[in-house]
Amino acid sequence: MDKNKSFLLGAIILSVSILAAAVLISNSINHISMGLSAIENILVNQVDEKNILTFDEAADYLHISTTSLKFMCSDISGVQIPYLKVDGQYVFAKQGLDKWLETTRLNLDFN
């Protein structure tokens, strides 16, 4: 009879442990899911806001002609506008242009 009581007690303890673990895992999954949803919202907002500009978009963003932008990107201009050339195409980071504009404005104000 003692073996049956021990077995029953062990089965109850094991069942409670499994139930507690299931609750903990469920809560963890909910927290992870909420975190993933927040990350997804951040990524969607970043994709919606265009951060990388083509040559024409950068000229529009800077309110200058494409000819002026082409000259500014040339080595002879002396202007250090931030850009990358990818497969022969100019690519501009909007944030980089914003920083460049800010420093250019500061230089113009003090010269």
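The values are calculated or read from the model by the stated rules, or taken from the named source; none is laboratory data. None of the values given here were measured: they were computed from a predicted structure. Note that we place each Cβ from the backbone using ideal geometry, even for glycine, and neighbour counts take in every protein chain shown.
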Checked Asn45, Asn41, Asn27 against criteria (part of a helix (DSSP H, G or I), at negative phi, exposed (fewer than 10 other Cβ atoms within 10 Å of the Cβ) and modelled with pLDDT under 80); the one match is Asn45
Restricted to the range 64-81 and to residues being in a helix (DSSP H, G or I) and in contact with a strand residue (DSSP E or B) (Cβ under 9 Å, 6 or more places away or on another chain), the residue surrounded by the most Cβ atoms within 10 Å (Cβ to Cβ) is Leu69
